[in-house]
1. Mind grabbing the accessible area of Phe202 for me, 1.4 Å probe, Å², rounded to tens?
2. Calculate how steeply helix 217-232 sits against the longest principal axis of the alpha-carbon atoms of the chain, using the helix alpha-carbon long axis, and give the answer as 0 to 90 degrees to the nearest 10.
3. Please calculate how many Å² of accessible area the chain carries per residue, with a 1.4 Å probe and no DNA, RNA or ligand atoms counted.
4. Go through the stretch 99-112 residue by residue and turn each phi into a ³J(HN,Hα) via Karplus (6.51, -1.76, 1.60, θ = phi - 60°); whole Hz please, and just put x for glycine and proline.
5. What is the angle, in °, between the Cα long axis of helix 131-147 and the longest principal axis of the Cα atoms in the chain? Nearest 10 is fine, range 0 to 90.
6. Using the Karplus curve 6.51 cos²θ - 1.76 cosθ + 1.60 with θ = phi - 60°, what ³J(HN,Hα) values do you get for each residue of the stretch 79-84, in whole Hz, with x for Gly and Pro?
7. Any of Lys128/Lys163; Lys21/Lys55; Lys178/Lys203; Lys20/Lys110 with alpha carbons more than 31 Å apart? Name them for me.
8. Could you work out the relative contact order of the chain, using alpha carbon pairs under 8 angstrom and six or more residues apart, expressed as a whole percent?
Amino acid sequence: GITRSKFGTSDKHLIKGEEKKTICIEGNIASGKTTCLDYFAQTTSIEVLTEPVSKWRNVRGHNILGLMYQDASRWGITLQTYIQLTMLEQHTRPMISSVRMMERSIHSAKYIFVENLYRRSKHVASGKMPEVDYVVLTQWFDWIKNNTDVSVDLIVYLQTSPKVCYERLKRRCREEEKIIPLEYLEAIHQLYEEWLIKQTLFKVSCPVLVIGADHDMQKMIEKYEENRDQILNPYN
Ligand code: DCP
């Protein structure tokens, strides 16, 4: 069961007095977020926003996603600053339907990916972001949270095992991602678990629906059908 605990309401959420809802699909790299978004885009009339990854691969000719995987210490701050901007654009776009579904969010960009770059731990790609970069990005993030509406009403967490994501990643063969080791996916997985399951990382201010996502595509579509009402009307 999902209980209501929403933070922040603003004009974005009230058009003609009707309440607006934002749902974020979260999960590891290659957890199947795109399949989920496609399913809801094809079978409902809600607004579906995919992640602006194409923008990250071509910023006036610069592929900053690729640069980050080549040298995270040098390009981590560049990529994450740009991702924060593109996510802010997504969150603050005027809503064209009463329900919006987004791929990831400004929250996971900060709490998962920036955190992983910054943290000093045994994790792969960790400790790659200098403290000062982390502080600047955090101040930007805090300002955004306090001064704009980036609120979320439901997080759908596609929970996978890192090994399954690793197999899918190898199969899909996105050029920049060829160098990602299993350990990187394990680090991202750990952070997601701390954030959304144990809820020890950062405060989670909205309900979380967890869907096991290690299955093949057909089975996943069945699961989206089963959870459809709960996802679209989380408070009913
Ligand atoms: N990425 C990043 N920092 C972020 C967000 C994403 O470095 N704040 C990277 C991870 C991936 C790429 O961007 O290499 C695309 O991210 P996703 O995992 O969100 O997209 P996928 O296409 O992998 O999602 P899925 O396979 O679940 O549909």
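1. 60 Å²
2. Once rounded, the angle reads 50 degrees.
3. On a per-residue basis, 49 Å².
4. 10, 10, 10, 10, 8, 6, 6, 5, 5, 6, 4, 7, 6, 9
5. Helix 131-147 sits roughly 10 degrees off the main axis of the chain.
6. Values, residue by residue: 4, 6, 5, 6, 4, 4 Hz.
7. On the way: Lys128/Lys163 24 Å; Lys21/Lys55 25 Å; Lys178/Lys203 33 Å; Lys20/Lys110 24 Å.
From Lys128/Lys163; Lys21/Lys55; Lys178/Lys203; Lys20/Lys110, over 31 Å: Lys178/Lys203.
8. 31 percent
The values are calculated or read from the model by the stated rules, or taken from the named source; none is laboratory data. Here the structure is a predicted model, which is why all the values come from computation and not from measurement. Here Cβ is always computed from backbone atoms with ideal geometry, including for glycine, and neighbour counts include all displayed protein chains. When the accessible area is computed, the model is the full protein with side chains, heavy atoms only, and any ligands, DNA or RNA have been set aside. Shrake-Rupley method; radii C 1.70, N 1.55, O 1.52, S 1.80 Å.
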